[in-house]
Structures are given as structure tokens and as C-alpha cells.
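FYI, it's all coordinate maths here, none of it is from the lab. The structure displayed is predicted, hence computed values, not measured ones. As a convention, Cβ positions derive from the backbone with ideal geometry for all residues, glycine included, and neighbour counts pool all protein chains shown.
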Amino acid sequence: MTHFSTEIQQPGPESDRRLEFGLFMGGQNGFYPHVGENRTNYVDLPNGEFSEPSLSAIKVEKYLRNLIEGERLGFDMIISMEQRCPAPYNSAMIMASWLLAKTNKIQVGAIGPVMNTYLNPLRLAEEIALLDIMSGGRLSVGLPLGIGPAYHHMGVKPNEARGRFKEGVELIKRAFSEPGPFDHRGDYFNLPVCNLYPRPHRTPEFWLPASGSLESIELAAEHHLTYLAIMNPMKALISNTQRFRQTAEEKYGYTPGRNQVGCMALVHVAETDAQARKEAEAHILWYNQNLMRSVMHDFLPPGYSGMETVKRIFGGGNYRAKPPEQMSFDETVEQGWAFVGSPDTVARGIEEMTDKLGAGKLLIMGDNGSMPDWMIQKSLTMFASEVMPRFRPARGRPVWADRPKAGFETVSEASALAVKPPRTPIAVFEGLGKIDIRTAHIDELRTPVKEG
């Protein structure tokens, strides 16, 4: 069975403990109304609350500027995260294209777009392929189903969400792995001509961000996607990643390596544990109480999740066993949602969690949703200089530093290595016949040619 090729080297025995670090941002401002008991900011927050163009421009500029700093700091990847209301970051692909243009070699990830917002998954495949060409193969893509609240306004029935998503993933897989054109006849998409163009340098690494639904675990295992376990209580994270490996082994005959499992966390580093808490506590509590709060009828629209998944959601130790907005700062840290402290404390926490999960990738939120610039830069600089090197080989270089870039640096290099065009480009001239258009501007070369 064909599957998505990642072109990422499997870690050998000497590098089993190596972690790849990705950087993403919440990019919030803290000025949204504090969420009450019976509402959520994700569905019905009026767009007048904080939508002045000048203020949004400042927020977007800060968000992107802090991300591109990740290349100088030596992160392995920077990630644009698709966020709709209440944030203005509603296109991960547009933001990823900007990040790719402003950086040189670092891998750029786009978590989003939400595939179900597309009329046709092939359109998304085309955008991914084009960005891969434009970036020289530096794009990775997260394919989220989209959180439940999004299905209140995206125009897709919640009970069709997972079926459409699964078929869309399978169609994108075919587009990247099979020559076109081919036809696709499915339950949701009937396309007589599927023909991915342009052809990318390589098939990007695809992630499946998920909170632990059985459907998502199955899909990631079947199609060899990188399973990205999003923030959950530690018991649930361990259960989900174990089930992912078990499914891959028992049903699909392979054992996922560490680099096929990733996790996420809020991170803040300071000189001491006490100082880190003083700086981060208010912002993490704000994040929990506002951005992680969602009333149940918004969070789980009817049909969004299967019955077995719903049972797991409400089971002890699984997602929402305790609503995130009710979690104290200490509980947030104890459950592995956040690593806050000195470099030693943060490194120990990261080592413990990634060892328990067998994870080879850790994506960290650098601003905890709403931190000021000076606090973000202080924490990230300390993290890059005093934490990341502990999880890398002696030189401490990110994975992209020694990786050859796909594509070409110069026109001469491209010309020397280019594959010969498959045919002569021609136009038909009256009285002359078929003429090579490349030399048609020179009279003596305007002579009939044979195709091929």
C-alpha cells in the first residue's frame, strides 16, 4: 500500500532521544470579554469586539515577526496555526506563504487549513504543491478536522464532517502518490478528472492534529500520518499515543518511529521557577479560562464525534475530564499542558513527557496566548540557548541546517540539472507549418520542425 512519503530520516540508536522543536504562537491580545458560564468566544463573539483594522494589523505583525525569529533561534520548524474567531489568523496557508518568503532554510508548518472548508480537496492539494515548489520543499502540513465550534458556521453538517474529512485525506494521498489524470468516485466527492498540477518537489510531511478521537487515530495509522497529540491530561495523551502505535502495528503492519509522534505544550522559561511562574501564571490562566472554554453544545455539535469517542471524552482521565477553564495553574503544569520554570525544570518536564509518549516532535506555544513581546523574547532566547541543546547532538544544529534544499539556488544550477523537456513547443504558421516558438523571432530559424 502506498502512503505519504515524509523524507524524514528515521532516528538511529544514537539519536533516539533527539527531539525536533516547533514554534507556534497563540497571538491573542487579552482584550476579549472574559468568557462567562454559558457562552464561548469561538462561535458568537461579535466582530466589533476587537476588529479595528489597525489593531488587527498590529497583532498580525507581532504574530508573524515572533515566528520568523524562530529561524535565528534555531528551532527546527515554525508553524502557522489556523485560528478563526476570536483571532484574525483564518488562513494557515497564507501565513505559511509569508513565513516561507521571509525565511531561508527553516521548515515551515501550516496547521490548517481545515479541509472541510474546501469545496474540493484537490484545490487544497494544488495549494500545497505550489507552496512546496515556491519554497524548495520546506512545507509541512497539519490536516485538522477542525474543532466542533467551527461547524456551527462553516456550512458543513457536523454528522458529515468526519466522512468528508476521511475521504478528502484519501483523495489528497492519491493526488500526491499516483500519476494523473485519474477519476475519483466517493460518497462526498465525484471527480472525473483528478490531475495534480504542479507536481511538487516532494510529498510534504502530513500531520493529523487530534485530541484523541478513535476516528482520527485510525486515520493517522492507516495513512502513515504524523500523529500530533494536542493538549490533554497526561493520562489521555499516553492512552492516545499507545492506541495509535497499537493500531499501526496490529492493523497496518508497521511500528511508528518517534518522529511519527508529536505533542504540544505551553512553555515559559525564566531564571528561576518562582520567576517563571510570576511571568507566566496570569497569561496561562487567561488562556485556559477564555480560549480553552467552550460550552458543551458548542464543543460537540450533534454528529461531530462517534459514540465510542464520546464515551472516551466523558471517561475518567480523558479529554475534558476536567474542563480546562477550571484548571488551576498547578494542575495545568502537573498534567503536562505547560512547562514553566528554570531551564532545568523545563528540560526535565519535556524529557518526562516525550519519553512517556515516545514522541520525537514537540511544538511549543511561545507566547502562552497573550504575553508581551519582551517576555516572549526572553523566554524563547533562554529556551533556545539552555533547553534545546540538551535534546540534540553535540553541535546542537536544527534538522534543516545540514539538509540540502530541494530546488535550485541559481538559474545556472537549475539549467545544468534540469530534465530535458518532453517535447518541442510549437505554433502553426500559415504557409510554414509547425514552428519552434523558442526561435521563431529569428528569420533563418523559422523553419518547420517535427514534434517531439
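Quick notes on this one:
- For the residue pairs K235/K322; K322/K361; K278/K378; K235/K361, alpha carbon separations beyond 21 Å are given by K322/K361.
- The chain: relative contact order in percent, alpha carbon pairs under 8 Å with at least 6 residues between: 20
- Peptides 419-426, 191-198 ordered by average Cβ neighbours within 10 Å, highest first: 191-198, 419-426
- Ascending count of other beta-carbon atoms within 10 Å, so fewest first, for L99, L64: L64, L99
- Cα gyration tensor shape for the stretch 250-294, rounded if a/c is under 1.5, else prolate or oblate: oblate
- Sorted ascending by nearby beta carbons within 10 Å, beginning with the fewest, M388, M382 become M382, M388.
- Between I133 and Q275, the FRET efficiency from the beta-carbon distance, with R0 = 56 Å, is close to 0.75.
- Here the stretch 90-125 is scanned for amide nitrogen atoms under 20 Å from the site 7 Å beyond the Cα of D183 along Cα-to-Cβ, giving 120-123.
- One chain, two ends: Y252 and A282. Fully extended at 0.36 nm per residue, the span grows by 6.3 nm beyond their Cα-Cα distance.
- Inter-label distance for L417 and K322, nm, one decimal - labels placed 7 Å from Cα along Cα-to-Cβ: 5.4
- With at most 15 other Cβ atoms within 10 Å, longest stretch of the chain clear of loop GluC sites (Glu not before Pro) (DSSP): 50-270
- What you get for the chain, charging only the Cβ of Lys and Arg (+1) and of Asp and Glu (-1), is a dipole of about 540 debye around the Cα centre.
- Once the chain from R65 to E160 is taken as fully extended at 0.36 nm per residue, the excess over their C-alpha distance is 30.4 nm.
- Share, in percent, of DSSP beta bridges within the stretch 16-411 that are antiparallel, nearest 5: 10
- Per-residue Cβ neighbour counts within 10 Å put K251, K102 in the sequence K251, K102, beginning with the fewest.
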